[in-house]
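S.K.: One structure, pasted below without further comment.
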Amino acid sequence: MPAPHDVIVIGGSYAGMAAALQLLRARRSVRVIDAGERRNRFASHSHGFLGQDGVPPGQIAAQARAQLQAYPTLSWQDGRVEAVSGQLDDFIVRTADGAVHRARRLLLAMGVSDQLPAVPGLAERWGRAIFHCPYCHGYELDRGRIGIIGAGPLSSHQAELLTDWGDVTLLPNGVTELDPALRETLQGRGVQIEETPIRQIEGHADVCLADGRLLHFAGLFTATRTAPAGTLAQSLGCALEETPMGLQIRTDAEARTSVRGVFACGDVARVPHSVSLAVGSGAMAGAQVHRSLLWPQTLWA
């Protein structure tokens, strides 16, 4: 059995790398295991991240990884984690290639998966013409027409919020319920409401309705439901919690999960979601993991 790392970080996207950086700068041995499935891999450009506004997401990730690899205590593995087990100071991580690694701490940063509304043509345009975050993608629509595809209660919030970015039409699509008070609030904000169900999405961001009408939009938004990518957290026994956006790993202010020695950060452990917030979450989690290595008695009494 190989000698243990101080920390194994599962997930090498923005949160995982931000956490790893703090630990590497504390001269701790860190193994990052990354399956290469960044959540924003479908987007051509990333926005709203200070210093990297408008840069392709892959370029941001590649630059960050190159900076991490300058630290001699980093081990980076491209691959997928198949199983995790163990306990505080003695975790075992098995990867798809059959390798086995040990660590004193685990940091879960594998992100979330998006459950998209079942609208024909939506998945093919996800991240390119259909988005979930107005702060990330609203400005580029140049105050054009914006459509909100109903996906649940958050869709009405999206519609009201996005009026600062353009002329908004909410398409409840039989999913988002609007009581009279909410309808009045939305209309007071200038939101148009189109009740006809959606048949499919066409062209760039054109919505074909069930009655044959075609509505043209500069871009579309929808509120996806998210869940942790994979089942590693559940297999470890980490408690999950429900949020308005979906399931996430329950953590405390120190990024600790319900399992001693296991931490979590980024989209898998907090809402709302963005690159900036993931990086901040990762940086804080990395520092807390380091503290747990120095003073375990103060964090797990």
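The values are calculated or read from the model by the stated rules, or taken from the named source; none is laboratory data. Model, not experiment: these values are computed from the prediction. So basically every Cβ, Gly included, is an ideal-geometry build from the backbone, and we count neighbours across all protein chains shown.
S.K.: Considering only region 247-260, how many residues are assigned to a strand (DSSP E or B) and either at pLDDT below 95 or of a type in the set (S, T, N, Q) (or both)?
M.R.: 1
S.K.: Applying the selection to region 65-86, what residues are in contact with a Ser or Thr (Cβ under 9 Å, 6 or more places away or on another chain) and either of a type in the set (Gly, Ala, Ser) or not assigned by TED's automatic domain parsing to the domain that holds Gly237 (or both)?
M.R.: Matches in region 65-86: Ser75, Gly79, Ala83, Ser85.
S.K.: Please determine, by comparing only the residues of region 261-274 that are at pLDDT 95 or above and of a type in the set (A, V, I, L, M), which one is nearest to Gln115 (Cα to Cα).
M.R.: Residue satisfying both the conditions and the ranking: Val268.
S.K.: Within region 117-137, work out how many residues are assigned to a loop (DSSP other than H, G, I, E, B) and more than 14 Å from the chain's Cα centre (by Cα).
M.R.: So the count comes out to 8.
S.K.: On the given criteria, is Val275 touching a strand residue (DSSP E or B) at 6+ places or on another chain (Cβ under 6 Å) and more than 16 Å from Met17 (Cβ to Cβ)?
M.R.: It is false that Val275 is touching a strand residue (DSSP E or B) at 6+ places or on another chain (Cβ under 6 Å) and more than 16 Å from Met17 (Cβ to Cβ).
S.K.: From the list Ala83, Ala129, Ala109, exactly one residue is surrounded by 17 or more Cβ atoms within 10 Å (Cβ to Cβ), small (Gly, Ala, Ser), closer than 21 Å to Val268 by Cα and touching a strand residue (DSSP E or B) at 6+ places or on another chain (Cβ under 9 Å). Which is it?
M.R.: Residue meeting the stated conditions: Ala109.
S.K.: Report yes if some residue within region 251-273 is closer than 18 Å to Arg38 by Cβ and free of Cβ contacts under 8 Å to residues at least 12 places away in the same chain; otherwise report no.
M.R.: no
S.K.: Test Phe217 against the criterion of being within 18 Å of the chain's Cα centre (by Cα) and hydrophobic (A, V, I, L, M, F, W, C), and give yes or no.
M.R.: no
S.K.: Are any residues in region 63-100 more than 18 Å from the chain's Cα centre (by Cα), of a type in the set (A, V, I, L, M, F, W, C) and under 26 Å from Ala26 (Cα atoms), and if so, which ones?
M.R.: Scanning region 63-100 gives Ala66, Leu68, Ala70, Leu74, Trp76, Val81, Val84, Leu88, Phe91, Ile92, Val93, Val100.
S.K.: Keeping to region 263-299, report how many residues are over 20 Å from Leu50 (Cβ atoms) and within 19 Å of the chain's Cα centre (by Cα). Show your work before the answer.
M.R.: Looking only at region 263-299, we keep the residues that are over 20 Å from Leu50 (Cβ atoms), and these are 263-264, 268-269, 271, 288-299.
This time we only want the ones that are within 19 Å of the chain's Cα centre (by Cα), so: 263-264, 268-269, 271.
Here the count works out to 5.
S.K.: Moving to a separate point now. Considering only strands (runs of 3 or more DSSP E) fully contained in region 1-91, which possess at least 1 residues that are at positive phi?
M.R.: In region 1-91, 81-87 are the strands (runs of 3 or more DSSP E) which contain 1 or more residues that are at positive phi.
S.K.: Is it the case that some residue within region 142-155 is surrounded by fewer than 19 Cβ atoms within 10 Å (Cβ to Cβ), in a strand (DSSP E or B) and of a type in the set (A, V, I, L, M, F, W, C)?
M.R.: For region 142-155, residues surrounded by fewer than 19 Cβ atoms within 10 Å (Cβ to Cβ), in a strand (DSSP E or B) and of a type in the set (A, V, I, L, M, F, W, C): absent.
S.K.: Tell me whether region 165-180 contains one or more residues that are touching a residue at least 24 places away in the same chain (Cβ under 8 Å) and assigned to a helix (DSSP H, G or I).
M.R.: The answer is no, given that none of the residues of region 165-180 is touching a residue at least 24 places away in the same chain (Cβ under 8 Å) and assigned to a helix (DSSP H, G or I).
S.K.: Enumerate the pairs (first residue in region 226-238 and farther than 13 Å from Gly11 by Cα; second residue anywhere and among the hydroxyl-bearing types (Ser, Thr, Tyr)) with beta-carbon separation below 7 Å, excluding pairs fewer than 6 apart on the same chain, so at least 6 apart or on different chains.
M.R.: Note: pairs meeting the criteria are Thr226/Ser113; Ala227/Ser113; Cys238/Thr257; Cys238/Ser258.
S.K.: Ok, one more. Restricting the search to region 234-275, which residues are closer than 20 Å to Ala151 by Cβ and among the hydroxyl-bearing types (Ser, Thr, Tyr)?
M.R.: Of everything in region 234-275, those that are closer than 20 Å to Ala151 by Cβ and among the hydroxyl-bearing types (Ser, Thr, Tyr) turn out to be Thr243, Ser274.
S.K.: Among the residues of region 156-175, which ones are under 13 Å from Pro117 (Cα atoms), crowded, with 24+ Cβ neighbours inside 10 Å and among the polar types (S, T, N, Q)?
M.R.: none
S.K.: Let me ask something else about it. Condition first: under 17 Å from Val289 (Cβ atoms) and of a type in the set (Val, Ile, Thr). Now tell me which residues in region 82-97 satisfy that.
M.R.: Val84, Val93
S.K.: Further, regarding this structure: Of the residues in region 191-237, how many are outside any loop (DSSP other than H, G, I, E, B) and either closer than 17 Å to Leu116 by Cβ or not assigned by TED's automatic domain parsing to the domain that holds Pro134 (or both)?
M.R.: Residues in region 191-237 being outside any loop (DSSP other than H, G, I, E, B) and either closer than 17 Å to Leu116 by Cβ or not assigned by TED's automatic domain parsing to the domain that holds Pro134 (or both): 19 in total.
S.K.: Regarding region 260-278, can at least one residue be identified that is among the β-branched types (Val, Ile, Thr) and touching an Asp or Glu at 6+ places or on another chain (Cβ under 8 Å)?
M.R.: No, that holds for no residue.
S.K.: Give the residues of region 208-222 that are touching a His at 6+ places or on another chain (Cβ under 8 Å) and closer than 14 Å to Pro172 by Cα, sorted by residue number.
M.R.: If the condition is that a residue be touching a His at 6+ places or on another chain (Cβ under 8 Å) and closer than 14 Å to Pro172 by Cα, then Phe221, Thr222 are the ones that fit.
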